[in-house]
Amino acid sequence: MIHLRDASLYRLQLRARMPFRYGIVTMTEVPHVFLNLTFEIDGQPHSGVAADHLPPKWFTKDPNRALSDEIDEMLVVIRAAAAFARTLRAATPFQFWRELYAAQAEWGRAHKIPPLLAHFGTSLVERALIDAACQAEKTTLAVALHENRFGVELGALHASLAGTSPRDWLPAHPPERVFARHTVGLLDPIEEADITPADRVNDGLPQSLAACVRFYGLQHFKIKIDVDLTRARERLKQIATVLTRECAGGYAFSLDGNESFREPAVFATQMRALLAEPALKEFWPKLIFIEQPLHRDVALTPAADWSAWPERPPIIIDESDAEIGSLPAALALGYAGTSHKNCKGIFKGVANACLLAQRRAAGDPSMLSGEDLTNVGPVALLQDLAVQSILGVTSVERNGHHYFAGLAQFPASIQEHVLAHHGDLYTRSAAGWPRLDVREGKIALGSVLRAPFGCAPGLSFDGMESVSLV
């Protein structure tokens, strides 16, 4: 039997090394929180941890709300999930999560909190529970899923998966190296000459796209676009020129619409114009997919039926993947699949991966992508990478190391802990702090996959602000 015995929340304010423009907001700083939970599992206490940014304007893209109000609301969501978790008793982690998911969903509806935001709280408790359960079992996430030690019932989430288990659909051997798909934000400099003296960052890490390609050996990219066709065309031409020059033509990319469009026909018209641009003729064959071009208010409505555009590139959802039924609804409209981020839920992500694998086995070219929430270590990034690998995702958007200077802002004890236990994923920068070790465009996940759940246990929260969960 599982129940929650103790909970604590810690907060650290992080400042970006350069502005990150995504959708309707530009990030210059963000709170980062750690949720530390102690569960009683079969009569013994076991602690687990989860972490994430509190990023305004992602869970709810409301241009009229103050950033501070959105951050406060995320804390309310976390407190609600922790409070519900204290009331639960369950035989398995999966059952615990299902009961928590149901309680949080009902609370969210009553308080008019969108599901994507409400279940951010669910996911943090879920992640800490999985960490604690892996430690209780003295095993890893991959083994626990393949041996179904969590008690996952796939048919309870997607009926077509009834009678199967995760091992029937997930890779037998998770990849130990994955492509770091580098984000090109809307404000990111493309060439070194685009950086003004006032905007140049002098921390030993690259800043322009061209410099990042050389420094990390990048091969996969995620390019953000918006509704301005002229600006998108010229920017894509500039990016294509850099990638052709720096990667010798050997690259792949995705496009991220960040919910910029409200009318499917307008988006289709703009994409047709971009696809027909002669200067981009060699660029488009390297496109993997387009991510969430439509605002969540319309993305899963009948207006978003993509059958009217049969020659379209693969289009997937991201922010619209808010509930268990979101992916089946998207597939029925002609979307090619969805993304995985731990903030949207791990058991939900596992079920989605299994559903898409089932469709691929039947000949449907469905896809699961790995996307980012500007994740950084020492916990959030590692846990996310562990899940991405286990789900079989081999091209994972990573941008936390680009917009933040590694773990420079974390306490020294955490920096040394990460270097000691995850020396394949992190390396010491010239300034002494750990930075993500991207080599030939890839990151190594051996230590991540060998840990109980992504990160080695034993982190200290000394020096961080304690946040009330009441």
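The values are calculated or read from the model by the stated rules, or taken from the named source; none is laboratory data. Being a predicted model, the structure only gives us computed values, none of them experimental. Here the Cβ is made from the backbone with ideal geometry for all residues, glycine too, and neighbour counts use every protein chain on show.
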- Task: Within segment 359-371, track down each residue that is touching a Gly at 6+ places or on another chain (Cβ under 7 Å) and either among the aliphatic types (A, V, I, L, M) or at pLDDT below 95 (or both).
- Result: M367, L368
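Would you call G337 assigned by TED's automatic domain parsing to the domain that holds F221, surrounded by 13 or more Cβ atoms within 10 Å (Cβ to Cβ), farther than 22 Å from L229 by Cα and without any contact (Cβ under 8 Å) to a residue 60 or more places away in the chain?
Yes; evaluated as a whole, the condition is true for this residue.
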- Would you mind stating whether E319 is in the same structural domain as V184 (by TED's automatic domain parsing), touching a residue at least 12 places away in the same chain (Cβ under 8 Å), of a type in the set (D, E, K, R) and farther than 27 Å from F347 by Cβ? no
- What is the one condition in (1) in contact (Cβ under 8 Å) with a residue 12 or more places away in the chain; (2) assigned to a helix (DSSP H, G or I); (3) touching a Pro at 6+ places or on another chain (Cβ under 9 Å) that F39 does not satisfy? (2)
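With a cut-off of at least 3 residues that are in contact with a Ser or Thr (Cβ under 9 Å, 6 or more places away or on another chain) and under 29 Å from E465 (Cα atoms), name the strands (runs of 3 or more DSSP E) lying wholly within segment 378-449. Don't jump to the end; show me each part of the working.
Values: elements: 395-398, 426-428, 434-436, 442-444.
Strands (runs of 3 or more DSSP E) meeting the threshold: 434-436.
Which residues, counting only those in segment 26-82, are of a type in the set (S, T, N, Q), surrounded by 14 or more Cβ atoms within 10 Å (Cβ to Cβ) and over 28 Å from E259 (Cα atoms)? Step through it out loud before you land on a result.
In the first step, residues of segment 26-82 are kept if they are of a type in the set (S, T, N, Q); the result is 26, 28, 36, 38, 44, 47, 60, 64, 68.
From the residues that got through so far, the ones that are surrounded by 14 or more Cβ atoms within 10 Å (Cβ to Cβ) too are 26, 36, 38, 47, 60.
N36, T38, S47, listed by residue number.
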- Residues of segment 139-163 being polar (S, T, N, Q), farther than 16 Å from A90 by Cβ and either surrounded by fewer than 15 Cβ atoms within 10 Å (Cβ to Cβ) or free of Cβ contacts under 8 Å to residues at least 40 places away in the same chain (or both), which ones? S160
- Query: Which of the residues spanning segment 331-349 are under 21 Å from R181 (Cβ atoms) and not in a loop (DSSP other than H, G, I, E, B)?
  - Reply: G337, T338, S339, H340, N342, C343, K344, I346, G349
- Task: Considering (1) within 26 Å of N202 (Cα to Cα); (2) modelled with pLDDT under 95, say which one V470 fails and leave the rest.
- Result: (1)
- Query: Do we have any residue at all in segment 159-168 that's under 27 Å from L9 (Cβ atoms) and small (G, A, S)?
  - Reply: no
